[in-house]
Amino acid sequence: GGSGDSGGQGASVVYLPIDSKFPVEDFHRLVEAAELGLADGVRDALKQLENLIYACAKDIRDKYIAVPTTTDFAILFLPTEALHAEVLKIPGLLEEITRDYKVIVQGPTTFSAFSMALLMGFRTLAIQKRSADIANLLGAIKNDFSKFSDLLGKVEEKLDDAKTNIGKARQRSGQIVRKLGRVEELPAAEARLLLPD
């Protein structure tokens, strides 16, 4: 939450509701189905995860959003990057729960930057009167955080590709060294003539 002073009229506090959710069973079901290559299992697990995120967003809205004591939006925090990444992939989910429940989903990587944006927004706007303006501001920058999360996914893919290629190069290097082991080594003087400096 944040606090502000309305031009000397006394301090008032407006809380920002944040609730952490970790649907362990649904996430593990999804991971297991993906590891086993079960397309139907993955689809069913994703649907169950989607339904649970909707239910969590509704629950957060109903229990914690209480204007003017709170902002008119809340944060649903997903504590692992893997879970957050799966939720980000579900088409239209984030937009619908933001629009219908005024709940914004965040993961560990994006939450820090998002918190800083909130802090700046709280300092810029009189949140006790204009939390709706902050929600609109955050809605405008939410797309950037989604792009940032997508970028992290692409970086992770590139790192995985690089690891695979390094492993292949190491294997090839080992094969070359084994083959060269059968070749007689030239005396140093002859080697310098063939490979100067």
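Values as computed for the structure displayed
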quantity	calculated
Carbon and sulfur %, accessible surface of the range 11-76 computed with the full protein complex present, 1.4 Å	57
Burial order of peptide ranges 160-170, 85-95 (average beta-carbon count within 10 Å, highest first)	85-95, 160-170
Translational D in µm²/s for the range 1-116 (Stokes-Einstein at 20 °C, 1.002 mPa s, Kirkwood Rh from C-alpha pairs)	139
Amide H partners (placed H, <5 Å) of Val105, local residues excluded	Leu76
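The values are calculated or read from the model by the stated rules, or taken from the named source; none is laboratory data. Everything quoted here is computed from the prediction, not taken from an experiment. Don't worry about glycine lacking a Cβ; one is built from the backbone with ideal geometry, like all the others, and counts go over all protein chains shown. Remember, those area values only see protein heavy atoms, side chains included, never the ligands or the DNA or RNA. Shrake-Rupley method; radii C 1.70, N 1.55, O 1.52, S 1.80 Å.
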